[in-house]
Amino acid sequence: MMADRPEILVIDDDAELCELLTELLGQEGYQVESSGDGRVGLARAQAKAFSVVVLDIMLPSLNGFEEISI
């Protein structure tokens, strides 16, 4: 993978949606990582500078509003 591709993090507990977004965005040239857990997604977002984070607001472990306020 090329390092200069924009990186997107998808955080959503819907595994099928994460898989679909990863596939579609990857086809468009983006490097995509996904997490089905809010806490794991938050740790990834804090550890790496993503160009975009697609965040579900209705996560079971940590909702999207809590996540963006941290």
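Numbers at a glance
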| quantity | calculated |
| --- | --- |
| Long-range neighbours under 6 Å by Cβ, at least six apart or interchain, first residue closer than 18 Å to E7 by Cβ within region 41-70, second modelled with pLDDT under 85 and charged (D, E, K, R) | L42/E67 |
| Whichever residue in region 1-40 is open to solvent by less than 50 Å² (accessible area, probe 1.4 Å) and over 12 Å from the mean Cα position of the chain (by Cα) and, among such residues, is farthest from D56 (Cα to Cα) | G29 |
| Residue list for region 11-40, restricted to those being without any contact (Cβ under 8 Å) to a residue 12 or more places away in the chain and of a type in the set (S, T, N, Q) | Q27 |
| Residue that is modelled with the lowest pLDDT, among those in region 41-62 that are open to solvent by 50 Å² or more (accessible area, probe 1.4 Å) and polar (S, T, N, Q) | Q46 |
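The values are calculated or read from the model by the stated rules, or taken from the named source; none is laboratory data. For clarity, every value in this text was computed on a predicted model and none was experimentally measured. Methodologically, a virtual Cβ is constructed for each residue, glycine included, from the backbone with ideal geometry; neighbour enumeration extends over all protein chains shown. When the accessible area is computed, the model is the full protein with side chains, heavy atoms only, and any ligands, DNA or RNA have been set aside. Shrake-Rupley method; radii C 1.70, N 1.55, O 1.52, S 1.80 Å.
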